[in-house]
Amino acid sequence: GQQVMQIPQYQHVQEGEDFTTYCNSSTTLSNIQWYKQRPGGHPVFLIQLVKSGEVKKQKRLTFQFGEAKKNSSLHITATQTTDVGTYFCAGIRGDKIIFGKGTRLHILP
Amino acid sequence: DTAVSQTPKYLVTQMGNDKSIKCEQNLGHDTMYWYKQDSKKFLKIMFSYNNKELIINETVPNRFSPKSPDKAHLNLHINSLELGDSAVYFCASSVQGGTGELFFGEGSRLTVL
């Protein structure tokens with residue numbers, strides 16, 4: 001069946017360092033979404049990418065959708081303590097949303 | 001005003017008991033979902049309803065029975081609880097099934113002893 005793989009599972013970075021999480025789908029997606037879940041909280045929608053090769057920015061966050069619409073990445077520049085949490089990608093194909101297993105980001109002060 | 005609200009937030013119960021979790025959304029969305037998040041934080045879809053009709057049922061045991069009395073509510077009833085049912089259950093809604101952003105509730109943490 002359709003799978004969405006996300007790596008790494010965990011990442012520890014020093015505050016101020018950059019962070020990237022990658023998402024790969026076994027099948028072509030119609031679009032991809034990214035969510036952030038703070039510790040003890042619930043997933044919150046960040047962004048949706050629809051077009052092949054699309055790049056979107058939200059302040060220090062950069063989201064990319066691959067040309068083949070099978071992979072995506074989220075890059076955070078100069079991490080801050082407020083970036084702590086788990087970042088999930090969610091691949092959409094038809095009416096199915098498949099979540100990756102998430103990347104848990106820890107920030108070391 | 002909470003967009004997607006779930007009750008209860010915490011639930012501790014014994015194995016074998018039956019329990020329910022309620023979910024309501026005031027966003028006017030057509031589609032509602034139940035997700036299970038285990039201790040490793042994996043988010044797995046359980047059910048999806050569109051306008052009170054079941055759309056997705058992802059190989060969930062029969063002990064789990066969703067009920068949608070109207071499109072603003074999706075409740076989850078669990079019979080004969082097992083230890084492995086311990087998890088955080090998230091309700092979510094979206095404008096359009098499969099394509100719109102998901103709005104999650106705050107979660108219901110179920111602990112089965």
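Against the definition (within 18 Å of B:Leu43 (Cα to Cα) and in contact with a Phe, Trp or Tyr (Cβ under 9 Å, 6 or more places away or on another chain)), how does A:Val44 come out, yes or no? Yes; evaluated as a whole, the condition is true for this residue.
Go through the stretch B:1-24 and give me each residue that's closer than 15 Å to B:Leu74 by Cβ and under 12 Å from the mean Cα position of the chain (by Cα). Passing the criteria: B:Val4, B:Ser5, B:Gln6, B:Thr7, B:Ser20, B:Ile21, B:Lys22, B:Cys23, B:Glu24.
Only one of the numbered conditions (1) under 28 Å from A:Leu29 (Cβ atoms); (2) out of contact with any Lys or Arg (no Cβ under 9 Å at 6 or more places or on another chain) is violated by B:Asn62, and that is (1). Could you tell me whether any residue of the stretch B:37-56 is in contact with a Cys (Cβ under 6 Å, 6 or more places away or on another chain) and part of a strand (DSSP E or B)? No, every residue in the stretch B:37-56 fails to be in contact with a Cys (Cβ under 6 Å, 6 or more places away or on another chain) and part of a strand (DSSP E or B). The sole residue among B:Leu74, B:Leu81 that is crowded, with 17+ Cβ neighbours inside 10 Å, more than 14 Å from chain A (Cβ to nearest Cβ) and assigned to a strand (DSSP E or B) is B:Leu74. Taken over the stretch A:30-42, the criterion of being within 9 Å of another protein chain (Cβ to nearest Cβ) and within 12 Å of the chain's Cα centre (by Cα) is satisfied by A:Gln33, A:Tyr35, A:Gln37. Restricting B:Tyr33, B:Tyr89 to those that are under 21 Å from A:Asn31 (Cα atoms), within 14 Å of chain A (Cβ to nearest Cβ) and under 14 Å from the mean Cα position of the chain (by Cα) reduces the list to B:Tyr33.
Checked against the criterion of being more than 19 Å from A:Phe88 (Cβ to Cβ), assigned to a strand (DSSP E or B) and away from chain A (no Cβ under 14 Å), the candidates B:Pro69, B:Pro61 yield just one match: B:Pro69.
Taking the numbered list (1) in contact (Cβ under 8 Å) with a residue 12 or more places away in the chain; (2) among the basic types (Lys, Arg); (3) outside any loop (DSSP other than H, G, I, E, B) in turn, A:Lys56 passes all entries but (1). In the stretch A:9-46, the residue that is surrounded by the fewest Cβ atoms within 10 Å (Cβ to Cβ) out of those that are within 14 Å of A:Phe63 (Cα to Cα) and of a type in the set (D, E, K, R) is A:Asp18. Considering (1) within 12 Å of another protein chain (Cβ to nearest Cβ); (2) in contact with a helix residue (DSSP H, G or I) (Cβ under 9 Å, 6 or more places away or on another chain), the lone condition that A:Arg60 does not fulfil carries the number (1).
Would you mind stating whether B:Thr59 is out of contact with any helix residue (DSSP H, G or I) (no Cβ under 8 Å at 6 or more places or on another chain) and at positive phi?
Values: out of contact with any helix residue (DSSP H, G or I) (no Cβ under 8 Å at 6 or more places or on another chain): yes; at positive phi: yes.
Yes.
Among residues that are surrounded by 15 or more Cβ atoms within 10 Å (Cβ to Cβ) and free of Cβ contacts under 8 Å to residues at least 24 places away in the same chain, B:Lys52 is included.
Since every read-out is calculated from the coordinates, none of them should be taken as a lab result. A quick note: this is a predicted structure, and the numbers were derived from the prediction, not measured. Positions of Cβ are generated from backbone atoms using ideal geometry, with glycine treated the same way; all protein chains shown enter the neighbour counts.
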